[in-house]
Structures are given as C-alpha cells and as structure tokens.
Amino acid sequence: MKYYLAPMEGVTGRIFRNAYHACFPPLDKYFAPFITPNDNGRLSPRDYTELDRDKNQGLFVVPQILTNHEDAFLSTAGTLKEMGYREINLNLGCPSGTVVSKGRGAGFLAFPEELDRFLDHIFSGTDLKISIKTRIGKEQEEEFERLLPIYNRYPLEELIIHPRVQKDYYKNTPRMAIFAEGFLHSASPVCYNGDIFTAADEGRLTARFPALDRIMLGRGIAANPGLLYEIQTKEPVAKDKLWQFHQQLYHGYKDFFLPTSGERVVLFKMKEIWSYMISGFSDSRQWEKKIKKAQTLRTYEEAVASLFEEDGLK
C-alpha cells in the first residue's frame with residue numbers, strides 16, 4: 001500500500017512535512033498545498049520557499065496547482081519543471097466558497113465542457129506527469145457519471161477521489177458507492193481520500209476494496225501524526241513520539257517566522273495544528289482552552305508541557 005500526505009492549506013506545508021518525516025514512517029508522496037498561479041507562471045516568494053527542493057530533501061513532493069486557466073497552469077508547470085519537479089497535481093477538490101465562486105477547485109466540476117477543454121490543453125502542453133485530486137461533483141453525486149468519462153480520456157498519473165460533493169465540505173458521510181464506481185471504472189490508478197482517522201478506518205476501507213493500493217491521509221494525520229505508524233504496526237503511537245514531533249514542528253515555525261513576523265504568527269500556526277491534534281488527548285477541552293488563551297510563546301510552552309506531562313492519549 002502507498003500512503004500520501006494530503007495538501008491541507010496552512011497545515012501540511014514544508015515545515016510540517018519535514019517535522020513529520022523526521023519523526024514517523026515516511027509517506028510515499030507529500031502533496032504540497034495548492035499554488036494559485038499568476039499569468040506569467042512565476043511563483044510567489046512564499047511558494048518558492050515552500051517548494052525549494054533543497055528544503056524538502058528526502059521527500060517525494062508533488063506540487064498542486066489551483067486554476068481554471070490553461071495558460072497559467074502551463075506557465076506554472078514550466079516553472080516547476082525548471083525547479084526539478086516531474087509530477088504535478090490539479091486541484092479539483094477544494095470546497096472553499098471563495099475558491100468555488102471563481103470556478104476553481106470543486107467549483108470547476110460544475111462546468112464539465114470547459115473542464116474537458118482545459119484538460120485537453122494542459123495534457124497537450126506539458127510532458128510532466130499530472131494527477132488529479134477531485135470531489136465527485138459540486139451539488140449532486142450523480143455529476144460524477146459525467147466527470148469520470150472526461151478523466152478517462154486523459155493519461156492521468158493517478159486519480160485521487162474524495163467521495164464528497166463540494167456542498168458537503170467535510171460533513172456527512174463519504175459516498176462510498178460512488179467511490180466504488182470510480183475505482184471500478186477509472187482508466188487511471190485510483191487513490192482514496194477522506195475520513196481515515198484511525199487504523200480501524202483504514203482496515204475497513206481495505207477490506208472493502210482489497211485491490212486498492214494507495215490512500216491519501218489528511219485530517220487524520222493532522223490529528224494524529226502517528227497514524228501511519230499505527231496502521232503499519234497495529235500499535236498505538238507513544239506520547240513521547242508526539243512530543244518529539246511537536247518540538248520539531250514548533251522549532252521549525254519559530255526558526256522561520258520569529259525573526260521576521262514575531263511570536264503572533266508562530267502562535268497562530270501552532271494553535272492551528274492543535275485544532276486537530278488536541279482530539280487525541282483525554283481531557284481535550286480543558287487543554288484546548290489553555291492553548292487558545294496563550295498570548296506569548298512562554299505561556300504556550302507552559303500549557304503544552306503541562307498537557308504532555310499531565311494528560312493521556314485516548
């Protein structure tokens with residue numbers, strides 16, 4: 001089985017994936033949070049830093065592009081090729097209202113004819129490998145009946161299916177009957193994405209789809225960075241390993257943001273990851289409040305140290 005890290009905006013960036021890679025079993029691919037390209041294909045300074053291959057050594061990173069403009073996609077693909085990348089991903093899954101309102105991400109799914117023309121253009125315009133991360137529709141799951149034949153016309157490196165529609169956001173249950181249709185009838189290799197939070201979740205998925213050979217982990221690995229370890233060993237991750245990960249992540253953010261942006265940005269980044277990780281601790285509400293109230297790095301460090309010392313994992 002191949003395991004991938006999902007591209008989660010603001011969460012699974014360069015510092016997160018390097019901290020993860022230093023502490024836990026390596027993932028087969030690390031999909032970077034999306035780039036929104038400009039017309040000339042130049043990356044922002046932030047994107048260059050995120051995707052600098054020297055800062056991602058030992059990781060198979062796949063950049064993700066969010067656009068509905070063919071030329072912008074191809075210009076950005078050209079820049080990424082110059083940086084040494086040979087595989088890129090198209091975002092057709094982001095459910096954010098601001099993204100969807102511009103016809104990007106999952107919003108592009110509402111325009112299948114335009115999407116078909118877009119795919120024809122980009123596959124004709126680059127020799128890079130292209131994968132697609134998609135939802136199954138914008139409004140209704142029946143939309144996937146029209147989308148899958150479009151995907152099947154192109155030589156996708158793989159089709160990553162999150163079996164929700166855009167209006168589901170991350171609520172409701174993944175629509176597994178539609179995923180089953182996609183898995184059975186896709187002309188490209190299929191990767192599953194969605195609601196794998198525990199080793200038991202992964203076991204149920206693979207029992208239902210024994211031929212499935214790739215899974216993307218997102219919110220589950222943000223909540224429990226030791227999830228792949230638990231899947232592979234059938235053992236719970238030790239609290240000291242989570243502490244090691246926390247320290248790697250925290251010091252990574254401090255080193256990068258503190259000199260130029262100050263404590264506030266470091267606190268914001270750490271509080272964001274704790275909105276996921278706190279669910280793994282027994283008395284999560286109490287500690288979540290203490291972490292949220294921290295206004296300085298010192299009070300944050302004291303709260304987190306007390307959490308790891310006094311509380312247990314679920």
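Seen from every direction in turn and averaged, the convex hull around the alpha carbons of segment 1-72 projects onto 5.4 nm².
Any idea what the relative contact order of segment 40-159 is, in percent, if you count C-alpha pairs under 8 Å spaced at least 6 apart?
Value for segment 40-159: 24 percent.
Solvent-accessible area assigned to carbon and sulfur over segment 254-314 amounts to 49 percent, based on a 1.4 Å probe. Within segment 115-173, the ratio Rg/Rh, alpha carbon atoms throughout and Rh by Kirkwood, equals 1.01. Taking all protein chains into account, the per residue accessible area for the chain stands at 46 Å² (1.4 Å probe). Carbon-plus-sulfur accessible fraction, segment 117-224 (probe radius 1.4 Å, protein heavy atoms only): 51%. Charging the Cβ of each Asp and Glu at -1 and of each Lys and Arg at +1, and nothing else, the dipole of segment 140-239 about its Cα centre rounds to 200 debye.
Across the protein chains, with a 1.4 Å probe defining accessible surface, the residues 139, 87 rank 139, 87 from largest area downward. The candidate values were [x] 26; [y] 32; [z] 44; the one computed from these coordinates for percent of Cα pairs over 31 Å apart carries the label [y]. Think of it as helices only: each DSSP H run of n ≥ 4 in the chain is worth -39500 (n - 2.57), and spread over all residues that comes to -14500 deg cm²/dmol at 222 nm.
Based on the Stokes-Einstein relation at 20 °C and a viscosity of 1.002 mPa s, and on the Kirkwood radius from alpha carbon pairs, segment 243-296 is assigned a translational diffusion coefficient of 184 µm²/s.
Solvent-accessible area of residue 23, all protein chains in place: 10 Å² (probe radius 1.4 Å, heavy atoms, ligands and nucleic acids excluded). Across all C-alpha atoms in segment 150-215, the radius of gyration and Dmax reach 12.1, 35 Å. Residue pairs exceeding 32 angstrom between C-alpha atoms, taken from 55/138; 138/290; 129/239; 254/314; 102/289: 55/138; 138/290; 129/239; 102/289.
A straight Cα-to-Cα reach below 19 Å connects residue 269 with the aspartates and glutamates 9, 47, 50, 255, 288, 301, 302, residues fewer than 8 places away in its own chain not being considered.
The order of 54, 195, 311 by accessible area, most exposed first and with a 1.4 Å probe, is 54, 195, 311. When a/c is below 1.5 the answer is rounded, else prolate if a/b is larger than b/c, else oblate, so apply that to segment 73-152 with a ≥ b ≥ c taken from the square roots of the Cα gyration tensor eigenvalues. Because a/c hits 1.5 or more and a/b exceeds b/c, segment 73-152 counts as prolate. Rounded to two decimals, the Cα radius of gyration of segment 1-156 over 2.2 N^0.38 Å is 1.03.
Its Cα gyration tensor gives segment 196-295 an equivalent ellipsoid. The semi-axes, each the square root of 5 times an eigenvalue, are 30, 15, 12 Å from largest down. Protein-only accessible surface at a 1.4 angstrom probe places the residues 235, 145 in the order 145, 235, largest first.
The values are calculated or read from the model by the stated rules, or taken from the named source; none is laboratory data. Nothing here was measured: the structure is a model prediction, and the numbers come from that model. Cβ coordinates were reconstructed from backbone atoms using ideal geometry, including for glycine residues, and neighbour counts include every protein chain displayed. With ligands, DNA and RNA removed, areas are computed over all heavy atoms of the protein, side chains included. Shrake-Rupley method; radii C 1.70, N 1.55, O 1.52, S 1.80 Å.
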